[in-house]
Amino acid sequence: MAKLTRSLAAVIGILCMTSAWASNCDVGFKVIFFNGVGNTVEDAESSKFATRAAIRDALGTVFDAYDSQPVLYDIAYNTTQGTLNDVAETFAMRAQQIDPSGVLANNFFYLYWSYLGGGPSQGYANQIISSTPSSLTVLTNALLTLPQAVTGLLSQDLGTLVNAAPTYADLGMQQATMNADIAGGYLQLLVAHSQGNLFVDLANNYLSGTAAIPIAQYATVHVAPATARLFGPWMLSTNDFVINGLGLISGNIPSSNLALPVTTADPAGHGYSEIYLNESLYDHNTGLAARTIAQNHFTQQLAYLDNQQCQLQVSPPSTTVNPGDSVPLSATLTPALAPNLDTNHITVKYKWSVSGTIGGTFTDPLTGALAPTVVTTQPNVKYHAFNAYSSGQSGTDQIGVELDVSTFDNGATTSKVLAKGGVATISTENPWVGSWVGSTVSSCGSYSGPQDFTITQIGPDTLSFGPYDATFSGNTATVGGGIVVFTLSGNTISGYEADSCQRGTYTRVVQ
Amino acid sequence: MEMLKNKSRLSLSVLLITMTLGSNTARPQTASAAVATSFSGLVYNRTTQTYNSVLTITNKGPALTAPLGIFISTNNSSVTVSGANDQGEIFDSQLPGNSLASGGTAQVTVAFVNPTKTSFVPTARVIAGGQMLLQVLQSLVGTGALPKLDTSSSLTGPDANQNGIRDDIDTLIAALPDTAVQRAALSQEARNLQNSLTIDTSSPTTLLSLATSIDRGVDCVYQRYPAAMANDRLKWIQMITVNTMIRSQAYNAFNLSMNGSVIHSHTGVACDG
């Protein structure tokens, strides 16, 4: 079924070749993190790097690479007007009610952070609760335990977003960035937490609609989704009180699929790192740690994206040339590489090789030397049917090319074959055929000096040397029943004419 | 100016009520200006063998939060208050709406155990629950269990060594049991957050530059701590930096100005040192 889906994706990709963003043969991954409700920039950054750490750990590497292709991480930051202020003011108001002097609200204002996803502020709150006489429990609860008002506020903010869904205008530069990533040759893994799912919903619409990107080129992982419309695997805990609260407001949340325990570290049960990437919270259903489940989703989606099929072809696919001639060859990738490949992180190389009876060679673009294998950064190479063969018969060379992609990270380079199988066949004519230059020397007063031939084949066993015709068999050609004898050895012809005491040597002219 | 007002409120919220009873007859004593109190006449309950009186507290100041801590002592060591804790304190958590509104009254029945049946003079001291909680928190600051933070009205606070980090945050980072390089990573990020409080939010270039610095700072912390601990440390730095309302408002302004943006991963080395 998955294969069918991907095949369909490939078909769609071909159909979309005429769209604004045709399918690319992508060579890297961009993980775009869409942050949750009430997140600061630093919170979003922390979640992004927590995602990176989870993926690195899952792959057992310290490199930002998957299958030898670069993995880069971006943040699509979104925040809601007033959420952070509202939460802070909720705390301040409660503190002021408890202590009208204002000292509590001023000196211990920082405790409001405990309302926003736990962490050390929650640790302080828990310590205060445990250090306070039971007679004050009603106050510490009022001040420090996550008030319904806050989960309600976060849920309400999410509900507001649901009801007034973000538009493409809200995506702003995030949309432009996605375009740039596509043009840069990246497959996109969209990871969304909480309200970020509303923006990912929009991003999916954009990518599949306006941008007409084949679905094989982007994937999504939803964490604590604030919307029921899903585009990939999701994680939602039964004890996520923010999303549960949203469900009461909008009635439009997905079913929970994790039974993670309630933790004092994050009483709202909604934190990205505190809950969903927590390696110590185990899902009652599967027995797996939340972080392990997240890692599985991340790596499965990367594998899905990495399953693209890129093909390489060489043109012209077959050529017949005269020995000594050159043939320009060009490799064509289908689908093509992205137009603005991110060369800061990605290197592509074409590896050419030749084998066969001709023994042809390529011109090394760096050294100019001729070699049977060569690496180029551009898809073009020049083949020479120059090298010798001794059979005196026509020859054939097989050209092979593969496209390797590599990335450099943490001082190490990894590479993989992005596409291979590009082949071409080059055949040569009769090895006698071609232009030859050389000289002859007579030991009995006949002509000595330069002598050139242009040899053509005029019959099954007959060659024209220009001034005279010759009968050839294998590497030997004779004129006049043996008056003149030519011997072919690779790219050299030696000749002897008995009646003029001439001996000559000629080499092939390379085109 | 706001701090002065707060201090003024503080003096009003500490309630001291003193009254005496003599020879089983209630005689009202001087009460504080904020609260007036009165005991009803003592009634001997033969069943419980206690002298009962109703203490009426009238709030003449700002609203008081429940529970009210009522400390009752007497000048007669043989007289105790039934139901009081070791400190002679009883609580009233039954205030309607959990508070005693300005001008409101509360009544508490006080039962005195007086086995020698001799005269005594009780003294009552009432502290609002919020004050008691505040005292608990301040004591935790004193022991180091809670951080001692600058709460001045300045956005940036004192920075004597001019390293771009508030002095109290410097002190707290230095006191962590972490390695030197880990603490250096936290300082790097603390500097970023400090900058966010005073950044020109109208300048996209400046915002982008700071966002990139934060990206580097957070990356650095993640490079030097296990992931779960990195997240905790980052939230801690954020919490102690953004620790007053005006700092919170400034910080929110920065975050709001980043709304809809894309923050790319930095290139190059994450850590300053």
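A quick yes/no check of all residues on (1) among the charged types (D, E, K, R); (2) free of Cβ contacts under 8 Å to residues at least 40 places away in the same chain; (3) under 30 Å from A:Pro166 (Cα atoms); (4) not assigned by TED's automatic domain parsing to the domain that holds A:Phe199:
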residue: A:Thr79; (1), (2), (3), (4): no, no, yes, no
residue: A:Thr83; (1), (2), (3), (4): no, no, yes, no
residue: A:Arg94; (1), (2), (3), (4): yes, no, no, no
residue: A:Tyr112; (1), (2), (3), (4): no, yes, yes, no
residue: A:Pro120; (1), (2), (3), (4): no, yes, no, no
residue: A:Ala125; (1), (2), (3), (4): no, yes, no, no
residue: A:Pro133; (1), (2), (3), (4): no, yes, no, no
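Taken together, A:Thr83, A:Thr90, A:Thr51 contain a single residue that is out of contact with any His (no Cβ under 9 Å at 6 or more places or on another chain) and open to solvent by 10 Å² or more (accessible area, probe 1.4 Å), which is A:Thr90. Of the residues contained in the range B:258-270, none is found to be outside any loop (DSSP other than H, G, I, E, B) and either of a type in the set (Gly, Ala, Ser) or under 21 Å from B:Pro147 (Cα atoms) (or both).
Apart from one condition, A:Gly359 fits all of (1) open to solvent by less than 60 Å² (accessible area, probe 1.4 Å); (2) over 29 Å from the mean Cα position of the chain (by Cα); (3) in the same structural domain as A:Val191 (by TED's automatic domain parsing); the exception is (3).
A count restricted to the range A:332-362 and to residues that are out of contact with any Asp or Glu (no Cβ under 8 Å at 6 or more places or on another chain), assigned to a strand (DSSP E or B) and under 29 Å from A:Asp64 (Cα atoms) stands at 6. Condition first: open to solvent by less than 40 Å² (accessible area, probe 1.4 Å) and either polar (S, T, N, Q) or at pLDDT 90 or above (or both). Now tell me which residues in the range A:489-511 satisfy that. A:Asn491, A:Ile493, A:Gly495, A:Ser500, A:Cys501, A:Gln502, A:Gly504, A:Tyr506, listed by residue number. Taken over the range B:189-226, the criterion of being part of a helix (DSSP H, G or I), surrounded by fewer than 22 Cβ atoms within 10 Å (Cβ to Cβ) and among the small types (Gly, Ala, Ser) is satisfied by B:Ser209, B:Ser213. Confirm whether A:Thr160 is within 19 Å of the chain's Cα centre (by Cα), among the polar types (S, T, N, Q) and open to solvent by 10 Å² or more (accessible area, probe 1.4 Å). Against the criterion (within 19 Å of the chain's Cα centre (by Cα), among the polar types (S, T, N, Q) and open to solvent by 10 Å² or more (accessible area, probe 1.4 Å)), A:Thr160 does not qualify. Of note, B:Leu186 does not satisfy the criterion of being closer than 21 Å to A:Thr79 by Cα, part of a helix (DSSP H, G or I) and more than 7 Å from chain A (Cβ to nearest Cβ).
Yes/no matrix, rows are residues, columns are (1) outside any strand (DSSP E or B); (2) within 14 Å of chain B (Cβ to nearest Cβ); (3) closer than 24 Å to A:Cys310 by Cα; (4) modelled with pLDDT under 75:
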{"site": "A:Ser155", "(1), (2), (3), (4)": "yes, no, no, no"}
{"site": "A:Pro166", "(1), (2), (3), (4)": "yes, yes, no, yes"}
{"site": "A:Ala176", "(1), (2), (3), (4)": "yes, yes, no, no"}
{"site": "A:Asn179", "(1), (2), (3), (4)": "yes, yes, yes, no"}
{"site": "A:Thr227", "(1), (2), (3), (4)": "yes, no, no, no"}
{"site": "A:Gly232", "(1), (2), (3), (4)": "yes, no, yes, no"}
{"site": "A:Ile249", "(1), (2), (3), (4)": "yes, no, no, no"}
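Per the listing A:Asp201, A:Asp240, the residue uniquely among the acidic types (Asp, Glu) and open to solvent by 20 Å² or more (accessible area, probe 1.4 Å) is A:Asp201. Test A:Val62 against the stated conditions and say whether it is buried (at least 22 other Cβ atoms within 10 Å of the Cβ), over 25 Å from A:Asn239 (Cβ atoms) and aliphatic (A, V, I, L, M). No, not satisfied. Residues in the range B:231-273 that are small (Gly, Ala, Ser) and more than 7 Å from every other protein chain (Cβ to nearest Cβ): B:Ala250, B:Ala253, B:Ser257, B:Gly268, B:Ala270, B:Gly273. Is it true that A:Ser415 is open to solvent by 30 Å² or more (accessible area, probe 1.4 Å), assigned by TED's automatic domain parsing to the domain that holds A:Ala371 and not aliphatic (A, V, I, L, M)? Taking the combined requirement at face value, the residue satisfies it. So how many residues does the range A:475-488 have that are under 60 Å from the mean Cα position of the chain (by Cα) and open to solvent by 20 Å² or more (accessible area, probe 1.4 Å)? Qualifying residue count, the range A:475-488: 3. Any chance the range A:250-263 includes a residue that's open to solvent by less than 40 Å² (accessible area, probe 1.4 Å), hydroxyl-bearing (Ser, Thr, Tyr) and within 28 Å of A:Ser121 (Cα to Cα)? Among the residues of the range A:250-263, at least one is open to solvent by less than 40 Å² (accessible area, probe 1.4 Å), hydroxyl-bearing (Ser, Thr, Tyr) and within 28 Å of A:Ser121 (Cα to Cα), which makes the answer yes.
The values are calculated or read from the model by the stated rules, or taken from the named source; none is laboratory data. Bear in mind that the values here come from a model prediction, so they are computed numbers and not experimental data. When we count neighbours, we look across all protein chains shown, and the Cβ atoms used for this are built from the backbone with ideal geometry, even at glycine. Protein only, heavy atoms only, side chains kept; ligands, DNA and RNA dropped before computing areas. Shrake-Rupley method; radii C 1.70, N 1.55, O 1.52, S 1.80 Å.
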